[in-house]
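Student: Encoded as structure tokens, here's the structure I'll be asking about.
The values are calculated or read from the model by the stated rules, or taken from the named source; none is laboratory data. Note that the structure is predicted; figures quoted are calculated from it, not measured. Neighbour counts are summed over all protein chains in view; Cβ atoms, including those assigned to glycine, are modelled from backbone coordinates with ideal geometry. All accessible areas refer to the heavy atoms of the entire protein, side chains included, with ligands and DNA or RNA removed. Shrake-Rupley method; radii C 1.70, N 1.55, O 1.52, S 1.80 Å.
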Amino acid sequence: MSTVMKPEAQTIKLGEMPDSRGHFGPYGGRFVAETLMEPIEELRQAYERFRDDADFQAEFDADLKHYVGRPSPLYFAERLSNKLGGARIYLKREDLNHTGAHKINNTIGQALVARRMGKTRIIAETGAGQHGVASATIAARLGLECVVYMGAEDIQRQAPNVYRMRLLGAEVVAVTSGSRTLKDALNEAMRDWVTNVDDTFYIIGTVAGPHPYPMMVRDFQAIIGREARQQIQQLTGRLPDALVACVGGGSNAIGLFYPFLEDAGVAIYGVEAAGFGLDSGKHSAPLCVGKPGVLHGNRTYLMEDQDGQIIETHSISAGLDYPGVGPEHAWLKDIGRAEYVAVTDDEAMAGFHELTRVEGIIPALESSHALAYVSKLAPTMGKDQNIIVNLSGRGDKDINTVAKLEGITL
Amino acid sequence: MSRIAERFAALQSAKRKALIPFITAGDPQPSLTVPLMHAMVEAGADILELGVPFSDPMAEGPVIQAACERALVHHVSLLQVIAMVQAFRKRDKDTPVVLMGYLNPVEIMGYRAFAQQASAAGVDGLITVDLPPEEAHDLVAELKEVGIDPVFLVAPTSHDERIKSICELDSGFVYYVSLKGVTGAHTLDINAVKQKLSEIRKHAHTPIGVGFGIKDATTAAQVADIADAVVVGSAVVKCVAENIGHDDKITDEIQNLLRSMRAAMDKQTASARVA
């Protein structure tokens, strides 16, 4: 029996984006100051060489196995599934990685690229501190100098992670410009990069920024989806019916989604942070209610006002508190391959408590957004259907935030 | 011939170099911008660069970042900046005005709408810091349609092939960023700049301006000796930052700075002629 493909399916292979200039449809690209154009082109060439280099891949794979602890388990959350009374829920346990989240997959990949390019100094931006910790960790392991830019507001909110980075030998620089949060830390890291471009490598923490970053970070995170695809087939004998992951910049989500993009029977849901509600204006949901624009090196959906100024975002989860999103998500939204939804702070908190009490796993507040959506989705599906949720990080870092919300002083 | 080309032609026949000061529109408040533009022309500016405030000015150092923040307190939009140029044009029909900013405000307005309204208001050029030539095709087409010059940046890291493609797309003047870094950074290395300018001249069909790191009359004169135009940003904006609340003092200090630069530049070019 022959398969009839739609013309558009023949011309665009979902797994073969971006194009040679970094475009996912109208999104992505390179929107940076001229000084950075040569360095990012050098990076693209270097990365494409290493991507096909057996030595590089072997080194990366060995680090993922022995340093990070991969493969991370795919865990059947039986009690949660029974409680929700619908689909069977499988958790991809990125929370069990070294440093407690998926971020380390990417920082190891980029740090290995940096070292092979002869760079001696790495810089990173961080919001909640997870990417900063993951960058400081790999810098310590490779003996590289590390500077982490962090909004002054976030430094106040995430003191334990700031101390962890300093213990690891990183310099943490407080950013006091603009809204003093993640987007301003990114601006400041770009300013450092443009100034110290000869010896410095910028490890971007998510699937955003100028080409090749969205592609490169996705490739490093795609280990999540490749493992999950194999694991679910071993456990259930088939592909899952749905994937769910939280989306801030979107690196854990694209890591899970990417190896399934061409599997038309797998529904894909990205969950943004609705904060106090999508009508409140205080949220971080550019895909749900933003508009396309250009920021931080790429064209994508943004939270912006009518003049094109970037507006301040809100989420209970610092890791989702960002006004943009990776360009591949923008494209997957427009072509309808993935559906993007949002859950509020309160719903995420309920998801946090539910997993903690029912499964004995304390999830990160970021991942709690994905869990909150699963608690809506699973009951609408059959008991013979399967969902994979990316449990992108563990919640130890969030216990102060949660305790404070409940009026408890630790 | 565009107003920018006319101005450079006139300067060339007078054997003078262009002085191009920068202020952020709406800093410290919108009502001062047009008077400051006239004051800068009176003090010897040949072309004006007007910054469009943006919430995330990634290429700016602390001085111009703070200027953006002061302007955004007043919600100064791209439309208002265009209106300021229109107001300036009531009294000054000749001095070219170049807008400098980031792509997103132009993107939200729409390329065609921006080109038409800016052109009607008397805008002569546009520098978009985060728009390299690779992504600029559509915007350049709209700008050229209405006779606005797209001005591109060349950096110390730009190699020969890139310089060539930038110069092909560029009109008005080429803007050489004299150092790796943000605006208002260290002092520039004049010999390194000189060497790069000779590489750029091989491809440029327009005059070459140099900006970033020009702080005072001495550096302005050094740059005037080797380039066609001297762009001064953070040093001007500092005069604003240090005198908030005293509009007369802001105006006086900017005029003093520009007059000292103008005099040093003219002295330099005159002595170069004699030599």
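Student: Please give the total accessible area that chains B and A bury against each other, computed with a 1.4 Å probe and expressed in Å² to the nearest 100.
Tutor: Accessible area lost upon association: around 3000 Å².
Student: From the Cα trace of chain A, what convex hull volume per residue do you get, rounded to a whole Å³?
Tutor: Numbers: hull volume 59.3 nm³, N = 410.
Given the Cα convex hull of chain A, per-residue volume reads 145 Å³.
Student: What residues in the stretch B:89-121 lose 40 Å² or more of accessible surface when the other protein chains are added to their chain alone (1.4 Å probe)?
Tutor: B:Asn104, B:Glu107, B:Ile108
Student: Among the aspartates and glutamates, select those whose C-alpha is under 13 Å from the C-alpha of B:Lys196, and discard any that sit fewer than 8 residues away in the same chain.
Tutor: Result set, ordered by chain and number: B:Asp160.
Student: Let me ask something else. Once you have the Kirkwood Rh of the stretch A:147-214 from its Cα pairs, apply Stokes-Einstein at 4 °C and 1.567 mPa s and quote D in µm²/s.
Tutor: 102
Student: Return, for the Cα atoms of the stretch A:298-346, the radius of gyration and Dmax in Å, separated by a comma.
Tutor: Spelled out, the Cα radius of gyration and Dmax of the stretch A:298-346 are 12.1, 31 Å.
Student: Can you return the lysines within cross-link range of A:Lys397? Criterion is Cα-Cα under 17 Å, with same-chain partners fewer than 8 residues away left out.
Tutor: Candidates past the 8-residue exclusion: A:Lys103.
Student: Next question, about the same structure. Over chain B, what is the relative contact order in percent, taking alpha-carbon pairs closer than 8 angstrom and at least six residues apart?
Tutor: It comes to 22 percent, rounded to a whole number.
Student: What lysines sit close enough to B:Lys238 to cross-link, taking a C-alpha to C-alpha distance under 26 Å and skipping anything fewer than 8 places away on the same chain?
Tutor: Cα-Cα hits under 26 Å: A:Lys183, B:Lys17, B:Lys180, B:Lys215, B:Lys249, B:Lys267.
Student: What average count of beta carbons from other chains do you get within 10 Å of the Cβ of residues in B:155-163? Write down the numbers at each step before the final one.
Tutor: Working: counts 8, 4, 12, 4, 3, 0, 0, 4, 0.
What the average comes to for B:155-163 is 4.
Student: Now for a different question. Under the definition of Cα pairs under 8 Å and six or more residues apart, what whole-number percent is the relative contact order of chain A?
Tutor: Relative contact order comes out at 20 percent.
Student: Let me ask something else. Sort A:189-197, A:259-267 by packing, meaning the average of other beta carbons within 10 Å per residue, with the highest value first.
Tutor: A:189-197, A:259-267
Student: Report, in listed order, any pair from A:Lys282/A:Lys404; A:Lys13/B:Lys144; B:Lys15/B:Lys93; B:Lys90/B:Lys194; A:Lys333/B:Lys164; A:Lys13/A:Lys83 with a Cα-Cα distance greater than 30 Å. All intermediate terms of the calculation are to be shown ahead of the outcome.
Tutor: Values: A:Lys282/A:Lys404 20 Å; A:Lys13/B:Lys144 36 Å; B:Lys15/B:Lys93 23 Å; B:Lys90/B:Lys194 39 Å; A:Lys333/B:Lys164 38 Å; A:Lys13/A:Lys83 39 Å.
Pairs exceeding the cut-off: A:Lys13/B:Lys144; B:Lys90/B:Lys194; A:Lys333/B:Lys164; A:Lys13/A:Lys83.
Student: Rounded to the nearest 0.05, what FRET efficiency do B:His38 and A:Gln45 have when you use their Cβ-Cβ distance and R0 = 45 Å?
Tutor: 0.35
Student: Give the percent of DSSP beta bridges with both residues in the protein assembly as shown that are antiparallel, rounded to the nearest 5.
Tutor: Around 20 percent antiparallel, to the nearest 5.
Student: Convex hull over the Cα atoms of the stretch A:83-208, averaged projected area in nm²?
Tutor: With every direction weighted equally, the projected area is 9.4 nm².
Student: Also, quick follow-up: Run the dipole for the protein assembly as shown about the Cα centre, Lys and Arg Cβ at +1, Asp and Glu Cβ at -1, nothing else charged, and hand back the magnitude in debye, nearest 20.
Tutor: Working: 67 positive and 86 negative charges, 108 e Å.
It comes to approximately 520 debye.
Student: Continuing with this model, one more query. How are the C-alpha pair distances of the stretch A:32-111 spread across 5 Å bins, as whole percents from the shortest bin up?
Tutor: Percent of pairs per bin, in order: 3, 13, 15, 14, 13, 13, 11, 8, 5, 4, 2, 0.
Student: Anything in chain A that counts as a DSSP H helix reaching 15 Å or more along its axis (C-alpha) with Kyte-Doolittle mean of at least -0.5? List them, would you? All intermediate terms of the calculation are to be shown ahead of the outcome.
Tutor: Details: long enough: A:34-51 (26 Å, -1.08); A:103-116 (20 Å, -0.28); A:130-142 (18 Å, 0.51); A:182-195 (20 Å, -0.48); A:223-236 (19 Å, -0.61); A:345-359 (21 Å, -0.67); A:365-377 (18 Å, 0.38).
Going by DSSP H runs, the hits are A:103-116, A:130-142, A:182-195, A:365-377.
Student: Still on this structure, I have one more. Mind listing, in residue-number order, the residues in the stretch B:45-86 that have at least 50 Å² less accessible area with every protein chain present than in their own chain alone (1.4 Å probe)?
Tutor: B:Ser55, B:Asp56, B:Met58, B:Gln65
Student: Round to a whole number: what % of the accessible area of the stretch A:278-410 belongs to carbon and sulfur, probe 1.4 Å?
Tutor: Roughly 49 percent, rounded to a whole number.
Student: 7 Å from Cα along Cα→Cβ at both B:Ser271 and A:Phe276: what's the point-to-point distance in nm?
Tutor: Distance between label points: 6.3 nm.
Student: Solvent-accessible area per residue for the stretch A:26-105 at a 1.4 Å probe radius, Å²?
Tutor: 40
Student: Sticking with this structure for a sec: Please average, across the residues of B:180-188, the number of beta carbons from any other chain that are within 10 Å of each residue's own beta carbon, and give a whole number.
Tutor: 3
Student: Oh, and also: Quick one, can you get me the convex hull of the C-alpha atoms of the protein assembly as shown expressed as volume per residue in Å³?
Tutor: Measuring per residue, one finds 163 Å³ for the Cα hull of the protein assembly as shown.
Student: Now for a different question. What whole-number volume per residue, in cubic angstrom, does the convex hull of the C-alpha atoms of chain B give?
Tutor: Convex hull of Cα atoms, per residue: 114 Å³.
Student: Where in chain B lies the longest segment free of trypsin sites (Lys or Arg not before Pro) that are both loop residues by DSSP (not H, G, I, E, B) and have at most 13 other Cβ atoms within 10 Å?
Tutor: B:94-201
Student: What residues does the stretch A:288-335 have that are buried by at least 50 Å² of accessible area in the full protein assembly compared to the chain on its own, 1.4 angstrom probe?
Tutor: By number: A:Val294, A:Asp307, A:Gln309.
Student: So which trypsin sites (Lys or Arg not before Pro) in the stretch A:237-321 are both in a DSSP loop and have at most 14 other Cβ atoms within 10 Å of their Cβ?
Tutor: Details: sites: A:Arg238, A:Lys282, A:Arg299; in loops: A:Arg238, A:Lys282.
The qualifying sites are A:Arg238.
Student: Please compute, for peptide A:186-199, the average count of beta-carbon atoms on other protein chains lying within 10 Å of each residue's beta-carbon.
Tutor: Mean shielding by partner chains, rounded to a whole number: 4.
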